[in-house]
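K.L.:
Could you have a look at this structure, given as structure tokens, before my questions?
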Amino acid sequence: MADRDPEVKLGEDRSEGITWAELMATDSRTPPKILTEESYTYRGSDPIPAERYTGEEFAKLERERMWPYVWQFVAREEDLPEPGDF
């Protein structure tokens with residue numbers, strides 16, 4: 001696997017098509033800043049061990065330490081004003 005240059009500018013190494021930022025810019029309302037800020041952290045280019053995807057011990061740790069704290073963005077609060085709205 002080739003090393004990736006940590007100094008690569010955001011967006012240089014991406015696929016064709018609309019970016020998340022461009023999509024959010026089409027929204028009729030201004031999205032929260034957290035959804036539009038770009039960030040990049042170089043985490044190296046070493047291969048990820050297969051056990052990350054197949055090992056029960058790693059899956060157990062994910063269920064305990066990650067999944068209880070993960071939120072899925074599904075809608076904006078103003079789109080669901082009343083209890084029971086969906």
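K.L.:
Can you pull out the trypsin sites (Lys or Arg not before Pro) in region 15-86 whose DSSP state is coil and whose Cβ has at most 10 other Cβ atoms within 10 Å? It would help to have the intermediate numbers written out before the result.
P.N.:
On the way: sites: ARG29, LYS33, ARG43, ARG52, LYS60, ARG63, ARG65, ARG76; in loops: ARG29, ARG43, ARG76.
Listed in order of number, the matching sites are ARG29, ARG43.
K.L.:
Here's something else I'd like to know. With a 1.4 Å probe and all protein chains kept in place, how do TYR42, TYR69 rank by accessible area, largest first?
P.N.:
Numbers: TYR42 75, TYR69 160 Å².
Ranked from most to least accessible, the order is TYR69, TYR42.
K.L.:
Please check which bits of region 49-86 a label hung off SER28 would reach, taking the label as a point 7 Å along Cα-to-C-beta and the cut-off as backbone N under 20 Å.
P.N.:
Within reach of a label on SER28: 74-82, 85-86.
K.L.:
Sorting GLU77, GLU62, GLU22, GLU38 by accessible area (1.4 Å probe), largest first, what list results? Could you put the intermediate results ahead of the total?
P.N.:
Values: GLU77 160, GLU62 60, GLU22 95, GLU38 120 Å².
My answer, sorted largest first, is GLU77, GLU38, GLU22, GLU62.
K.L.:
Could you sort THR19, THR30, THR36, THR41 by their accessible area in this structure, using a 1.4 Å probe and putting the largest first?
P.N.:
On the way: THR19 30, THR30 125, THR36 55, THR41 90 Å².
Accessible-area ranking of THR19, THR30, THR36, THR41, largest first: THR30, THR41, THR36, THR19.
The values are calculated or read from the model by the stated rules, or taken from the named source; none is laboratory data. In this text the structure is predicted, and so the values were computed from the model without any measurement. Quick reminder, even Gly has a Cβ in these numbers, built from the backbone with ideal geometry, and neighbours come from all protein chains shown. Side chains included, ligands, DNA and RNA excluded: accessible areas come from the protein's heavy atoms. Shrake-Rupley method; radii C 1.70, N 1.55, O 1.52, S 1.80 Å.
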